[in-house]
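Novice: Following this message is one structure expressed as structure tokens.
The values are calculated or read from the model by the stated rules, or taken from the named source; none is laboratory data. Fair warning: this is a prediction, and the values are worked out from it, not measured in the lab. Heads up, the Cβs are rebuilt from the backbone with ideal geometry, glycines too, and the neighbour counts pull from every protein chain shown. These area figures cover heavy atoms from the full protein model, side chains too; ligands, DNA and RNA do not enter into them. Shrake-Rupley method; radii C 1.70, N 1.55, O 1.52, S 1.80 Å.
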Amino acid sequence: MDAGQIIILNGAPRSGKSSVAAAIQETFEGVWINLGVDAYAHGTPPRLRPGIGLRPGGERPDIEAFVPLLYAALYNAIAAHSRLGLNVVVDVGHHDAYSRPLNILPECARRLAGLPVLFVGVQCPIEVVLRRRATSETDTPYVVGTDDDPVPLPVRLWQEEVHKPGIYDLEVDTSPLSPQDCAEAIRLHLSSGPEPSAFRILAQLPVG
């Protein structure tokens with residue numbers, strides 16, 4: 001049995017990852033399972049939330065010890081689905097700006113060794129992210145800009161930290177491109193682009 005394709009969409013909140021993941025599920029051939037941050041949050045105990053969605057800045061060191069464990073469980077689940085022949089799309093926001101470095105991304109990459117992984121950086125200008133945050137439903141937990149603080153620190157930290165170290169197979173910008181356009185760019189890269197190598201490179205980064 002051939003392993004299922006894995007697509008990791010990495011970007012800041014409100015950068016458009018979930019919409020691209022949905023477009024992939026709707027338009028790509030085969031079965032695509034979404035195991036992203038939103039889906040995983042529903043299974044995380046409230047006392048540990050936001051879990052893998054913990055934002056940069058080191059503001060919750062009390063739950064940081066659980067974050068590598070939660071990521072390890074998620075990536076083991078991704079690997080299990082792929083080995084069963086299921087395709088997986090994952091929308092996450094990887095960063096290492098905790099109260100101390102946790103080196104989660106290289107460890108996650110090692111958990112997918114030998115499996116087909118395309119690592120996609122989902123880019124979006126901060127002004128567009130702020131507009132999307134401002135128009136989100138009122139029951140969402142997003143920090144939004146105000147007249148006194150037009151670019152809140154949490155938003156700025158996401159924008160600065162989420163794309164480090166910047167090793168991707170492909171990058172898409174959801175400001176000029178629709179989710180369907182981004183999905184099509186990913187599909188074309190899978191069918192005719194160079195062999196993905198980002199996760200192999202990340203897996204070789206030293207820990208610590």
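Novice: Identify, from the list A39, A73, the residue that is farther than 24 Å from E160 by Cβ, open to solvent by 30 Å² or more (accessible area, probe 1.4 Å) and modelled with pLDDT under 95.
Specialist: Matching residue, one of A39, A73: A39.
Novice: So, of the residues in segment 163-179 that are within 16 Å of E127 (Cβ to Cβ) and out of contact with any helix residue (DSSP H, G or I) (no Cβ under 7 Å at 6 or more places or on another chain), which turns out to be surrounded by the fewest Cβ atoms within 10 Å (Cβ to Cβ)?
Specialist: P176
Novice: Scan segment 191-208 and report the pairs whose first residue is closer than 18 Å to E107 by Cα and whose second residue is open to solvent by 60 Å² or more (accessible area, probe 1.4 Å) and of a type in the set (D, E, K, R), with Cβ atoms within less than 6 Å and a gap of 6+ or a chain change.
Specialist: Note: pairs meeting the criteria are A203/R110.
Novice: If I52 passes every condition in (1) among the hydrophobic types (A, V, I, L, M, F, W, C); (2) surrounded by 15 or more Cβ atoms within 10 Å (Cβ to Cβ); (3) over 14 Å from the mean Cα position of the chain (by Cα) but one, which one does it miss?
Specialist: (3)
Novice: Let me ask something else about it. On the basis of being acidic (D, E) and modelled with pLDDT under 95, does E64 make the cut?
Specialist: Answer is no for this residue.
Novice: Same structure, new question: For segment 1-98, which fully contained helices (runs of 4 or more DSSP H) count at least 3 residues that are in contact with a Phe, Trp or Tyr (Cβ under 8 Å, 6 or more places away or on another chain)?
Specialist: 67-83
Novice: In addition: Checking A203 against (1) touching a strand residue (DSSP E or B) at 6+ places or on another chain (Cβ under 8 Å); (2) at pLDDT 95 or above: exactly one of these is not met. Which one?
Specialist: Every listed condition holds for A203 apart from (1).
Novice: Now a separate question. Check segment 90-102 and report whether any residue there is closer than 25 Å to P176 by Cα and open to solvent by 50 Å² or more (accessible area, probe 1.4 Å).
Specialist: No, segment 90-102 has no match at all.
Novice: Output the residue which, of all residues in segment 151-162 that are of a type outside the set (D, E, K, R) and assigned to a helix (DSSP H, G or I), is most open to solvent (accessible area, probe 1.4 Å).
Specialist: L153
Each row is one residue, and each column tells you yes or no for (1) open to solvent by less than 20 Å² (accessible area, probe 1.4 Å); (2) over 15 Å from the mean Cα position of the chain (by Cα); (3) modelled with pLDDT of 95 or more.
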| site | (1), (2), (3) |
| --- | --- |
| R110 | no, yes, yes |
| L115 | no, yes, yes |
| F119 | yes, no, yes |
| V129 | yes, yes, no |
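Novice: Can I ask one more? Under the condition of being of a type outside the set (A, V, I, L, M) and within 18 Å of the chain's Cα centre (by Cα), which residue from segment 189-207 is most open to solvent (accessible area, probe 1.4 Å)?
Specialist: The qualifying residue most open to solvent (accessible area, probe 1.4 Å) is R200.
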